[in-house]
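These notes are about the structure you will find just below.
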Amino acid sequence: MFDSGIGGLSVLKALRAELPQEDFVYVADSGYAPYGERDEAYVVARARAITRHLLLDEAQPIKALVIACNTATAAAIHLLRQQYPDLPIIGVEPALKPAIAASRTQCIGVLATRGTLASQKFKALLASLSDQATFICQPCDGLADAIERDDTSQIRALCACYIRATGQFSINSGEIDTLVLGCTHYPFARTQLQALLPSGVQIIDNGEPVARQTRRVLTEHANEDHVGQITLRSTGDPALLAQAASRWLGLQTSVEHISG
Ligand code: DGL
């Protein structure tokens, strides 16, 4: 599995809970992050490079790939599936359908990267659901990067700015009662976001649905009676990933630096 950085750890957390018997190799592409404000060709090239790295590792051959990044899924999943037709590939996308099920006002805010919101894949998803709810989509430039750097004052300032820009939140009719976190970094700012929202407003991310989908895809290839091992690698500063894995997942695992 991979992400532009530490964000995909929010997906790894759900995957470990759902599939404790599976081994995971996590690559944080922190040397090339963030992805969200880059053009599509850049993100496709990074997704191809990391996938190649994972597939060439004979010591830990992968049986499936989770793209734990909304931006990379939107830009590259169809291309990777074309290139590797025999590899099961699971992606993440903003959890709009679960949000419709959770919302009473049917007015839903979506925070995501500029790249995700501009993608054809996201536009098609939005169009397919536009008769069921109103979606207010807010690009959050800089937020994934601030989370990556664990810059708490910047995280707080950007969360306040983007919540204000999204609109009026409340459980009253016509207002936004559900907020979708459409970037895997954003669950690590959940506390700051929740503090800015009136009570009753729900926050939805996609870690658990992705983990369930991965379990369904793996049914034929599942490990049994095995305690899953986690391998962490980074194209950037290994200390950043090690600290984030310890803080958010309680994992005390060394991180290997890899070249991109
Ligand atoms: N975590 C990624 C996502 O889900 C990308 C964040 C970034 O690199 O901008 O979109």
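Take Ile90 and decide whether it is among the β-branched types (Val, Ile, Thr), within 12 Å of the ligand (Cβ to nearest atom) and either touching a strand residue (DSSP E or B) at 6+ places or on another chain (Cβ under 8 Å) or closer than 30 Å to Gly167 by Cα (or both). Answer is no for this residue.
You will find that of Ala59, Ala64, the residue that is more than 16 Å from the ligand (Cβ to nearest atom), in contact with a helix residue (DSSP H, G or I) (Cβ under 7 Å, 6 or more places away or on another chain) and either modelled with pLDDT under 95 or small (Gly, Ala, Ser) (or both) is Ala64 and no other.
Report whether or not Arg216 is in a helix (DSSP H, G or I) and of a type in the set (Lys, Arg). Explain how you work it out, then say what you get.
Numbers: in a helix (DSSP H, G or I): yes; of a type in the set (Lys, Arg): yes.
Yes; evaluated as a whole, the condition is true for this residue.
Candidates are the residues of region 56-101 that are of a type in the set (A, V, I, L, M) and surrounded by fewer than 15 Cβ atoms within 10 Å (Cβ to Cβ); the one that is farthest from Ala33 (Cα to Cα) is Ala101.
Against the condition assigned to a strand (DSSP E or B) and among the acidic types (Asp, Glu), how does Glu224 come out, does it pass?
Details: assigned to a strand (DSSP E or B): no; among the acidic types (Asp, Glu): yes.
Spelling it out, it is not the case that Glu224 is assigned to a strand (DSSP E or B) and among the acidic types (Asp, Glu).
In region 198-227, the residue that is surrounded by the fewest Cβ atoms within 10 Å (Cβ to Cβ) out of those that are among the acidic types (Asp, Glu) and within 25 Å of Asp3 (Cβ to Cβ) is Glu208.
Are any residues in region 67-87 among the β-branched types (Val, Ile, Thr) and away from the ligand (no atom under 12 Å from the Cβ), and if so, which ones? First the steps, then the outcome.
Step one: list which residues in region 67-87 are among the β-branched types (Val, Ile, Thr), which gives 67, 71, 73, 77.
Across region 67-87, the qualifying residue is only Ile77.
Of the strands (runs of 3 or more DSSP E) lying entirely inside region 104-200, those containing at least 1 residues that are within 16 Å of the ligand (Cβ to nearest atom) and among the aliphatic types (A, V, I, L, M) span 107-112, 178-181. The number of residues in region 231-248 being buried (at least 17 other Cβ atoms within 10 Å of the Cβ) and not in a loop (DSSP other than H, G, I, E, B) comes to 9.
Each residue in region 214-236 was checked for being over 15 Å from Tyr26 (Cβ atoms) and either in contact (Cβ under 8 Å) with a residue 12 or more places away in the chain or among the β-branched types (Val, Ile, Thr) (or both), and 11 pass.
Mind listing whichever residues of region 191-200 are on the phi < 0 side of the Ramachandran plot and either in contact with a helix residue (DSSP H, G or I) (Cβ under 8 Å, 6 or more places away or on another chain) or not β-branched (Val, Ile, Thr) (or both)?
Quick first cut of region 191-200, residues on the phi < 0 side of the Ramachandran plot only: 191-199.
Once the filter is applied, which keeps residues that are on the phi < 0 side of the Ramachandran plot and either in contact with a helix residue (DSSP H, G or I) (Cβ under 8 Å, 6 or more places away or on another chain) or not β-branched (Val, Ile, Thr) (or both), region 191-200 yields Gln192, Leu193, Gln194, Ala195, Leu196, Leu197, Pro198, Ser199.
When Gln60 is tested against the conditions (1) of a type outside the set (Ser, Thr, Tyr); (2) under 29 Å from Gln243 (Cβ atoms); (3) within 17 Å of the chain's Cα centre (by Cα), the lone failure is (3). Considering every residue within region 166-177, establish whether at least one is among the hydroxyl-bearing types (Ser, Thr, Tyr), within 19 Å of Cys140 (Cα to Cα) and under 18 Å from the mean Cα position of the chain (by Cα). Within region 166-177, not a single residue is among the hydroxyl-bearing types (Ser, Thr, Tyr), within 19 Å of Cys140 (Cα to Cα) and under 18 Å from the mean Cα position of the chain (by Cα). Note on region 16-30: among residues that are among the aliphatic types (A, V, I, L, M) and within 15 Å of the ligand (Cβ to nearest atom), the one that is surrounded by the fewest Cβ atoms within 10 Å (Cβ to Cβ) is Val27.
Only a single criterion out of (1) in contact with a strand residue (DSSP E or B) (Cβ under 6 Å, 6 or more places away or on another chain); (2) assigned to a helix (DSSP H, G or I); (3) surrounded by fewer than 16 Cβ atoms within 10 Å (Cβ to Cβ) is not satisfied by Arg52, namely (1).
If you filter region 33-56 down to residues that are more than 9 Å from the ligand (Cβ to nearest atom), in contact with a helix residue (DSSP H, G or I) (Cβ under 6 Å, 6 or more places away or on another chain) and touching a residue at least 60 places away in the same chain (Cβ under 8 Å), you find that the one that is nearest to Leu218 (Cα to Cα) is Arg46.
The values are calculated or read from the model by the stated rules, or taken from the named source; none is laboratory data. All of these numbers come straight from a predicted model, not from anything done at the bench. Cβ atoms come from the backbone with ideal geometry, glycine included; neighbour counts cover every protein chain shown.
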